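Comments concern the structure below.
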Amino acid sequence: MRLFDTVSDSPTIPNAAHEPVVGYIHSIESFGSVDGPGIRYIAFLQGCRMRCEYCHNPDTWNIGVGEEMTADEILADALRYKAFWGDTGGITCSGGESLIQIDFIIDLFTKAKAQGITTCLDTSGGPFTRDEPWFSKFEQLMAVTDISLVDIKQIDSAKHRKLTGFGNENILDMIQYMSTHGDDMWIRHVLIPTRTDFDEDLTKLGAYIKTLSHVQKVEILPYHTMGFNKYHELGIKYPLEGIEPPTPDRVANAEALLHVQDYTGYLTWRPQQ
């Protein structure tokens, strides 16, 4: 059974064979410095099925809404900033959950690579499935993706389900695929008191990451409350009200248990030729 109905969520190429794929865009950041290597142009795509308790962008959840843009329109806008990218910067697709719009990203990344632009996929992996035709699309996407940022929200599947509404088995399967097929990645983990900040789980996650290949960087992202006002504006109850960000000591503890200092490939990373 497919955990996410990804095929119907993703904009597809219309029957007229050469019509462009339309993407639904939540927002654009032209000078991003944290979502992938170097300076990046980031397209935040609309749509996500997970309901992470700590999500700070609930306005990205709805699918099939947002500003409609084609890959050519994104590229035309992004190329205005190419002079700032250097050897490692380029275009990142983030979300929401970027893989909900897999057809659009394939179109965008294929055209970007044809122009020598470095591509980065930011995903939590929720839509991943080995069912067809989705899996073949994912393989096609990986062929034009230079590096992926993968968020492992909880290594324990039951806790992952409580945190997001879904288990993590298919997400770990995606990560295993990336590792086996030589796809470079950064692993990210949001540290949340009473949700993900448990030494047992962090130790298990650290051991799991050690089994992977091509991990260029591991990051601890401390939970913050900056999205609280969005929930209020949207009339949604904030799930983690009263939970404060982790202390510096707990962040340092998590970094030690995930061995973040061992992953330094990002310092010299360059796209594979």
Residue 51-residue 181 FRET efficiency (beta carbon distance; Förster radius 22 Å; 0.05 resolution): 0.15
Residue 140-residue 230 FRET efficiency (beta carbon distance; Förster radius 35 Å; 0.05 resolution): 0.55
Paramagnetic reach from residue 162 (point 7 Å along Cα→Cβ, amide N under 15 Å) across region 196-217: 196-202
Point-to-point label distance, residue 208-residue 27, nm (Cα→Cβ direction, 7 Å offset): 2.9
Sulfur and carbon atoms: percent of accessible area, region 89-201 [1.4 Å]: 50
C-alpha long axis of helix 248-257 to longest principal axis of the chain, angle in °: 70
1.4 Å probe accessible area per residue over the chain, in Å²: 45
Environment charge at residue 203 (Cβ cut-off 15 Å; Lys +1, Arg +1, Asp -1, Glu -1): -3
Among [x] 22.5; [y] 15.2; [z] 14.3, the entry derived from the coordinates for mean projected area of the Cα convex hull in nm²: [z]
Value of [θ]222 nm, deg cm²/dmol, for the chain, DSSP H segments ≥ 4, -39500 (n - 2.57) each, nearest 500: -8500 deg cm²/dmol
Principal-axis tilt of helix 102-114 within the chain, Cα atoms, nearest 10 degrees: 70
Rounded accessible area of residue 142 (nearest 10 Å², 1.4 Å probe): 10
Folded to 0 to 90 degrees: helix 169-180 orientation relative to the chain principal axis, Cα: 70
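The values are calculated or read from the model by the stated rules, or taken from the named source; none is laboratory data. Quick caveat: nothing in here was measured; it's all calculated off a predicted structure. Backbone-built Cβ (ideal geometry, glycine too); neighbour counts: all protein chains shown. To get the accessible areas, we keep the full protein, side chains included, count just its heavy atoms, and leave off ligands, DNA and RNA. Shrake-Rupley method; radii C 1.70, N 1.55, O 1.52, S 1.80 Å.
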